[in-house]
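Inspection log for the structure reproduced underneath, given as structure tokens.
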Amino acid sequence: MDKTKPTLGYWAIRGLVANLKYQLAYQGVDYNLIQYGKEGVPQWHEEVKPKMKGEGMDFPNLPYFIDGDVKISETLAIHHYIAAKWKPELLGGSDPATQSKMKMLDFIIYDFKMKVTMPQYQSDDKSKVVEAYQQKLPNILDFMGDHKFLTGDTPTYHDFYFFEAFQSSAFLTEGKIYEEYPKLKQYHDNMKNLPGLKEYLETCEEREMMFNGAPYAKLNGSAGF
Ligand SMILES: N[C@@H](CCC(=O)N[C@@H](CS)C(=O)NCC(=O)O)C(=O)O
């Protein structure tokens, strides 16, 4: 492991980490990747997690990000850190109104991700996933208006999280979500064409990786973009 680079850790699935890898690719930040496979579950809980707590990670969890003395968890906090350190324009504007809007968006996209993901762990009924996105997507797309990205015509860190958040729904509906919401399809294309991310998505390991944790998820699979 190269100690001069930051380290990203997670299970060996897409889960909550693919979005971070997209942002790192877009920003051109090089990093060490630590993946815990199924056999790594006890290792994480019994060894690594307590060790990280002892070494100064306040709330050890997966994903985590370590950059020297900075040791953080919570996916959206990691997105924020990577933006703040290496590409602050991804934070959006710095005035109070814009910053509050960005914070609001954190919770909105977190809620979206949770609402579409939980049903994938609870049953094999895809219609529950469809119900969830039909409930949540219209307001997000209204918020986006005619912009290319969530908050304007340039991306913020939220876009990398949100882009991944609907990929499993696209997979489970075999693309029907894009017929239902053509604006989401346009957004998907705008994201896919971002320099750095475009090249990453063409060959990345996410194309073959499972979206969710096996064997716990009742709906699971892998897909390209
Ligand atoms: N709120 C956290 C949730 C993190 C979380 O639930 N991580 C799951 C995988 S998706 C996990 O297995 N964490 C390891 C643990 O609980 O020790 C985030 O958004 O990052």
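The values are calculated or read from the model by the stated rules, or taken from the named source; none is laboratory data. No experiment lies behind these values; they were computed from the predicted model shown. Reconstructed Cβ throughout: ideal geometry from the backbone, glycine too, with neighbour counts over all protein chains shown.
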Cβ-Cβ below 6 Å, separation at least six or inter-chain, first residue in the stretch 210-222 and in contact (Cβ under 8 Å) with a residue 40 or more places away in the chain and among the basic types (Lys, Arg), second in a loop (DSSP other than H, G, I, E, B) and away from the ligand (no atom under 11 Å from the Cβ): which pairs?
-> 218/123; 218/124
Only unsatisfied item for residue 102, checking (1) in a strand (DSSP E or B); (2) of a type outside the set (Ser, Thr, Tyr); (3) out of contact with any strand residue (DSSP E or B) (no Cβ under 9 Å at 6 or more places or on another chain), is (1)
Checklist (1) surrounded by fewer than 19 Cβ atoms within 10 Å (Cβ to Cβ); (2) under 27 Å from residue 196 (Cβ atoms); (3) away from the ligand (no atom under 14 Å from the Cβ) applied to residue 56, failing item | (2)
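So that you can scan it fast, the table gives a plain yes or no per residue for (1) in the same structural domain as residue 98 (by TED's automatic domain parsing); (2) surrounded by 15 or more Cβ atoms within 10 Å (Cβ to Cβ); (3) touching a Lys or Arg at 6+ places or on another chain (Cβ under 8 Å):
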position: 151; (1), (2), (3): yes, yes, yes
position: 160; (1), (2), (3): yes, yes, no
position: 165; (1), (2), (3): yes, yes, yes
position: 173; (1), (2), (3): yes, yes, yes
position: 190; (1), (2), (3): yes, yes, yes
position: 193; (1), (2), (3): yes, no, no
position: 221; (1), (2), (3): no, no, no
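Given the structure, is residue 110 of a type in the set (Ser, Thr, Tyr) and under 14 Å from the mean Cα position of the chain (by Cα)?
Numbers: of a type in the set (Ser, Thr, Tyr): yes; under 14 Å from the mean Cα position of the chain (by Cα): yes.
Yes, satisfied.
Please enumerate the residues belonging to the stretch 78-102 that are surrounded by fewer than 13 Cβ atoms within 10 Å (Cβ to Cβ) and at pLDDT 95 or above. Before the answer, list the steps.
So the first thing to find is which residues in the stretch 78-102 are surrounded by fewer than 13 Cβ atoms within 10 Å (Cβ to Cβ), and the list is 84, 88-89, 94-97, 100.
Within the stretch 78-102, 84, 88, 89, 95, 96, 97, 100 meet the criteria.
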Would you tally the residues in the stretch 76-97 being farther than 11 Å from residue 157 by Cα and in a helix (DSSP H, G or I)?
-> 4
So residue 206, is it at pLDDT 95 or above, within 16 Å of the ligand (Cβ to nearest atom) and in a helix (DSSP H, G or I) | yes
Residue identified as away from the ligand (no atom under 16 Å from the Cβ), in the same structural domain as residue 43 (by TED's automatic domain parsing) and without any contact (Cβ under 8 Å) to a residue 40 or more places away in the chain among 71, 136, 85 = 85
Determine if the stretch 31-46 includes at least one residue that is in contact with a Leu (Cβ under 6 Å, 6 or more places away or on another chain), farther than 19 Å from residue 210 by Cα and more than 10 Å from the ligand (Cβ to nearest atom).
-> yes
Taking the stated definitions as given, is residue 13 within 10 Å of the ligand (Cβ to nearest atom), assigned to a loop (DSSP other than H, G, I, E, B) and among the β-branched types (Val, Ile, Thr)?
-> yes
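At least 1 residues that are at pLDDT 95 or above and closer than 20 Å to residue 24 by Cα in each: list the helices (runs of 4 or more DSSP H) lying fully within the stretch 117-202 that qualify. Give the steps one after another, and end with the answer.
Working: elements: 126-144, 157-165, 167-172, 176-180, 182-192.
Counting at least 1 such residues, we get 157-165, 167-172, 182-192.
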